[in-house]
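Data first, discussion second: the structure below is written as structure tokens.
Please treat every number below as a calculation from the coordinates, not as lab data. These numbers come from a predicted model, not from an experiment. Here the Cβ is made from the backbone with ideal geometry for all residues, glycine too, and neighbour counts use every protein chain on show.
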Amino acid sequence: MTDPDVPSAYVRDKRAPRETPEQLRARIPGWGADLDPADRPSHPKLRYAPETTGAHWDFPERQPEKEPRERSIEHAFVTPVFGTAQPLRGLSGVVRRFAYRRFSEGRLAHWLLLIVGDRIDAWGSHLRSFASGPPDVPASGLRSELTRGGLRSRRGRSDARHHVLDPVVVAGPWVAGAAVTWTGARRLVRALRR
């Protein structure tokens with residue numbers, strides 16, 4: 001016996017059979033008003049009828065693909081027009097191509113590999129900045145945070161409790177990179193002295 005006060009979703013016994021459309025229509029005014037497509041206000045929009053609307057569309061001419069573009073494995077081909085401003089290159093390109101070639105966009109591995117490719121690209125840019133002109137400075141916005149009201153502007157925001165993590169997120173990779181470089185340099189010096 002089921003308790004009438006307990007919702008049926010929380011009992012282990014078989015639920016009562018669903019109401020028929022006629023019972024629902026009798027109990028709920030207007031129920032099922034859109035079951036018949038002819039009664040739907042949007043019905044003409046749902047039907048492809050270029051002769052009545054004058055709309056027409058032909059598949060556009062395909063943009064030439066000078067180098068293979070990444071595309072999801074769910075799609076048979078790349079869209080007719082696509083961007084070429086940031087071609088994949090280097091190790092980050094290899095990682096991103098692997099993500100697209102191997103995993104569906106519905107898989108977490110696909111997106112994690114794209115993030116890894118992005119991080120590899122960011123570190124490559126940081127390393128290139130050391131070789132060309134003034135390098136990236138990890139604390140470039142720190143002075144403006146302290147002198148231009150950066151901390152004051154953060155008060156009252158919904159994400160304020162995350163602000164303590166900002167230094168870790170910004171400086172953490174630089175500190176880790178410096179520690180790895182320092183450890184490697186010490187081991188190299190020790191190996192050369194032996």
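Taking only C-alpha pairs under 8 Å that are 6+ residues apart, what is the relative contact order of the range 65-127 in percent?
Contact order relative to length: 33 percent.
Let me make sure I get this right: for the range 65-127, a, b and c are the square roots of the gyration tensor eigenvalues over alpha carbons, sorted descending. Under 1.5 in a/c it's rounded, otherwise prolate if a/b > b/c, else oblate. Which is it?
oblate
For Val78 and Ser132, what is the calculated FRET efficiency with R₀ set at 35 Å and r taken between the beta-carbons, to the nearest 0.05?
0.55
Going by amide H atoms built from the backbone, whose H comes under 5 Å of the H on Glu105, apart from near neighbours?
Sorted by chain and number, the residues that satisfy this are Ile73, Glu74.
How would Leu114, Leu192, Leu91 line up from fewest to most surrounding beta-carbon atoms within 10 angstrom?
Leu192, Leu91, Leu114
³J(HN,Hα) across the range 17-32 via Karplus (A = 6.51, B = -1.76, C = 1.60, θ = phi - 60°), whole Hz, x for Gly/Pro?
My calculation for the range 17-32 gives x, 5, 6, 6, x, 5, 5, 5, 5, 6, 8, 10, x, x, 5, x Hz in order.
Would you please give the FRET efficiency between Leu165 and Asp118, computed as 1/(1 + (r/R0)^6) with r the Cβ-Cβ distance and R0 = 25 Å, to the nearest 0.05?
So, using R0 = 25 Å, E works out to roughly 0.85.
Extension gain Trp57-Ala109, at 0.36 nm per residue separation less the Cα-Cα distance, in nm?
Value of the extension gain: 15.0 nm.
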